[in-house]
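Student: Before I ask anything, let me first share the structure, which is written out below as structure tokens.
The values are calculated or read from the model by the stated rules, or taken from the named source; none is laboratory data. What you see is a predicted model, and the numbers here were worked out from it, not measured in a lab. Cβ sites come from the backbone with ideal geometry, for glycine too, and all protein chains shown count toward neighbours. Keep in mind that these areas ignore ligands, DNA and RNA; they rest on the heavy atoms of the full protein, side chains included. Shrake-Rupley method; radii C 1.70, N 1.55, O 1.52, S 1.80 Å.
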Amino acid sequence: MTTALLWVSVAYALLFLAILVFELGRSRHHGPDIVSLFMVVSLLQVCVPGLIMFGTLPFVDPAEPTGNPFFDKVFQDVTLDAALLVLGLTAWFYACFYVGIALTRLGRGRAVSAAARRYTFEPRYKWLVVVLLLGLLLTVLAFWSLGDSILTRYATLILFRDQVEDVERNAFTANAFALLQTWSWLSVVTIFTVYQRRGAGRLFTLCILIAVSFAVLSVSRRALFIPLLMSYLAVVLHTRKWHFRWLLGGAAPLVLWLAFGKNILGAVAYGGSVESVVGSYASWASAMLRAASEAGITVVESLGTVLYLDIGPRFGVDHMMALIKLLPEGALGLDFNFPERIVRISTEAFSGPYALDIPPGFLGQMWLDFGLLGPLVWGLLMGLQVALLQLLYERTTPSWASAALMALLLFLIAYPVNTGSLDFSFSSDIVVMLVVLFLVVRTTRSPAAEAPDAPLGASAVTST
């Protein structure tokens, strides 16, 4: 069976190359755009991990492929049919996504020239810095309440984030640490906004230090990976260049961090040694499989959904419930018991009722929603959102700040690719971030010039 799965790895590689060639050709004249950036985010979380996962499975110990109970359960039970189904859903989604882009282009009909740009986004950088400093103050106060020394506090913080029952928690610390992602993502916009202002060198350095502080205090691997990826997307969007050397240069350390980061944090929290971290995997194939599974956790979750969940079509009810649960209890006269969250249903099927949330995966959620029609619905809707964001950017005066803001908004659209559920897209920390952006970003509008004939994504963009 594992040998047959090598062909699935080859299929992921071919799919990746096909999309890469198509994107390079599509963006050859105008450079990468927001559509291209969405594909980067998606491919790094689906196709590349899928290629590595199924390519390394034949070379690991089948009794303990990764050391993660959930991953190991899925890889031990995975079948060729399940792997091919997830692969097929992936290819079908990408095809429908591009159809959604094309339909939006047909509906809009025209793009705009650089001279016709009507909007300028001007984040009030001083207010952003103030918000980040307040967020840092709240986080540091919560951190300081966790122990008597820096090392003790940090070890306790790791246990706190792992939701260990023995660690005391209260409303203040829970909310302070829950908002860490908000401050971390806002710091990316702040850094690029300050960067474009002359004479702000010291403030720029301060913003970098604040962003690093949030990454360290988040005690998670994604807290480092996501801001770096978001920054890369902003640079690519503004410069209209791919900067592939940055991706290649950052690949090795990020793979090592994904493979060993959790073990390093565990060693800090539980008093482990360097030898225990280095020797935590039976082979490098096992370490690569674990890193790919962490980066492509949505693929593993989707495999789990295909293997373990048989609950009938959901028809999008989970996303509607996620949105409604943002409302205060009893609002709009809604006084009834909500259905059990799909995240808890999938968690119980994957790891038992007491495990931390494990979503059904991006592709798995499509399968649960509408079966084989799931990628069609999701692809068209996501294509519509990305295309509309691209159209907005084409009407925006290019700047480092607007590029960072667009990269953040794109990441919110693409967030379900990683989380596998809109439960996390409608979470309180995302709402707080959007409210802050609404308050601090000033939008100015100028008269529009007549737009020339041009296809979507081919506007005459001149980076500044």
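Student: Read through the labelled values (i) -0.32, -0.69, -0.86, -1.04; (ii) -0.42, -0.80, -0.95, -1.12; (iii) -0.37, -0.79, -0.98, -1.18 and report the label of the one computed as log10 I(q)/I(0) by the Debye sum over Cα atoms at q = 0.07, 0.10, 0.11, 0.12 Å⁻¹ from the structure.
Tutor: It is the one labelled (iii).
Student: Excluding S27 itself, calculate the net charge of residues whose Cβ lies under 15 Å from the Cβ of S27, where each Lys or Arg counts +1 and each Asp or Glu counts -1.
Tutor: Overall, the nearby charge balance is +2.
Student: Now a separate question. Can you give the extra length, in nm with one decimal, that the chain gains between D77 and V212 once fully stretched, where that is 0.36 nm per residue apart less the Cα-Cα distance?
Tutor: 44.6 nm is the gain from fully extending D77 to V212.
Student: To the nearest 500 deg cm²/dmol, what mean residue ellipticity at 222 nm is calculated for the chain from DSSP H runs of n ≥ 4 alone, each contributing -39,500 (n - 2.57), summed and divided by the residues?
Tutor: -22000 deg cm²/dmol
Student: Another question, then. Ranked highest first by the average count of other Cβ atoms within 10 Å around their residues, in what order do 302-310, 122-130, 242-250 fall?
Tutor: By packing density, highest mean first, the sequence is 302-310, 122-130, 242-250.
Student: Further, regarding this structure: Mind checking the per residue accessible area of the stretch 42-81 for me, 1.4 Å probe, whole number of Å²?
Tutor: Details: 1570 Å² over 40 residues.
Heavy-atom SASA per residue in the stretch 42-81 reads 39 Å².
Student: Provide the net charge surrounding Q45, with neighbours chosen by a C-beta distance below 14 Å and charges set as Lys +1, Arg +1, Asp -1, Glu -1.
Tutor: 0
Student: Let me ask something else. Computing the accessible area with a 1.4 Å probe over protein heavy atoms, can you report the carbon and sulfur percentage for the stretch 1-82?
Tutor: The computed percentage sits at 70.
Student: Using 0.36 nm per residue of separation minus the Cα-Cα distance, give me the extension gain between M320 and F438 in nm, one decimal. Spell out each step's value before the answer.
Tutor: Numbers: separation 118, 0.36 × 118 = 42.48 nm, distance 2.37 nm.
Length gained between M320 and F438: 40.1 nm.
Student: Further question on the same structure: Please give the Cα centre distance for the stretch 378-407 versus the stretch 61-86, rounded to the nearest Å.
Tutor: 37
Student: Related question: In what sequence, highest mean first, do 16-25, 73-82, 43-52, 221-230 appear when ranked by Cβ atoms within 10 angstrom?
Tutor: Sorting 16-25, 73-82, 43-52, 221-230 by mean packing, highest first, produces 43-52, 221-230, 73-82, 16-25.
Student: Over the chain, what relative contact order in percent results from Cα pairs under 8 Å that are six or more residues apart? All intermediate terms of the calculation are to be shown ahead of the outcome.
Tutor: Numbers: 655 pairs, mean separation 155.6, N = 464.
Rounded, it is 34 percent for the chain.
Student: In whole percent, how big is the carbon plus sulfur part of the accessible area of the stretch 165-204, probe 1.4 Å, protein atoms only?
Tutor: With neighbouring chains kept in place, the figure for the stretch 165-204 is 48 percent.
Student: Return the long-range amide H neighbours of V441 (sequence gap of 5 or more, or a different chain), with a cut-off of under 5 Å between placed amide H atoms.
Tutor: R124
Student: Treating only the Cβ of Lys, Arg, Asp and Glu as charged (+1, +1, -1, -1), what charge dipole size does the chain show about its Cα centre? Round to the nearest 20 debye.
Tutor: 2300
Student: Choose one of P58, C96, L157: the residue whose Cα lies farthest towards the positive end of the charge dipole of the chain (beta-carbon charges +1 Lys, Arg; -1 Asp, Glu; about the Cα centre).
Tutor: With unit charges placed on the Cβ atoms, the residue in question is C96.
Student: Cα to Cα, under 20 Å, and not fewer than 8 places away if on the same chain: which lysines meet these conditions relative to K262?
Tutor: K73
Student: What is the local net charge at S293, summed over the other residues whose Cβ is closer than 11 Å to its Cβ (Lys, Arg +1; Asp, Glu -1)?
Tutor: Values: positive: R290; negative: D72, E294, E301.
It works out to a net charge of -2.
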